[in-house]
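Have a look at the structure below, then the notes.
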Amino acid sequence: MATVKAIHQTSTGKNDLFINTGNHHKMTLNQFVKRIESDSSVYSDRYYIKHDSSGKTPVSKPNGNKKDNLE
């Protein structure tokens, strides 16, 4: 299961750079969003896209386990 961590934020606090903690692959916000939205994504089982005033935002699917939340 792919775990992702946010590694950079904009001045407004929006996460805009992410890293897969397993293979250390870095992704921009747009790349991560596209991967989550892809039908064959390894990320779609753990993350989903929230639509808010700042656009599309990747978030962890709630499961009661804080250890696997998007950091």
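Derivation of every value follows stated rules applied to the coordinates shown; laboratory data play no part. Here the structure is a predicted model, which is why all the values come from computation and not from measurement. Quick reminder, even Gly has a Cβ in these numbers, built from the backbone with ideal geometry, and neighbours come from all protein chains shown.
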task: Determine the calculated [θ] at 222 nm for the chain from helices alone, applying -39500 (n - 2.57) to every DSSP H run no shorter than 4 residues and normalising by the residue count; nearest 500 deg cm²/dmol.
output: -3500 deg cm²/dmol
query: Which number do you get for Rg(Cα) / (2.2 N^0.38 Å) in the chain?
result: 1.03
- line: Residue-ordered couplings for region 30-41, obtained by feeding phi - 60° into the Karplus form 6.51 cos²θ - 1.76 cosθ + 1.60 and rounding to whole Hz (Gly and Pro as x), are 5, 5, 5, 4, 4, 5, 5, 6, 5, 4, 9, 6
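Count the net charge of all other residues whose Cβ sits under 14 Å from the Cβ of His25, scoring Lys and Arg as +1 and Asp and Glu as -1.
On the way: positive: Lys5, Lys26, Lys34, Arg35; negative: none.
Combined, the nearby Lys, Arg, Asp and Glu give +4.
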query: Fewest to most neighbouring Cβ within 10 Å: what's the order for Leu17, Leu29?
result: Leu17, Leu29
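Rounded to the nearest 20 debye, what is the charge dipole size of region 4-65 about its Cα centre when +1 sits on each Lys and Arg Cβ and -1 on each Asp and Glu Cβ?
Values: 9 positive and 5 negative charges, 21 e Å.
With only Lys, Arg, Asp and Glu charged at Cβ, the dipole is about 100 debye.
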task: Starting from the Cα of Lys26, step 7 Å along the direction of its Cβ; do the same at Ala2; then give the gap between the two resulting points in nm.
output: 1.8 nm
message: If I model a spin label at Glu37 and Ser54 as a point 7 Å from the Cα along the Cα→Cβ vector, what separation in nanometres do I get?
response: 1.8 nm
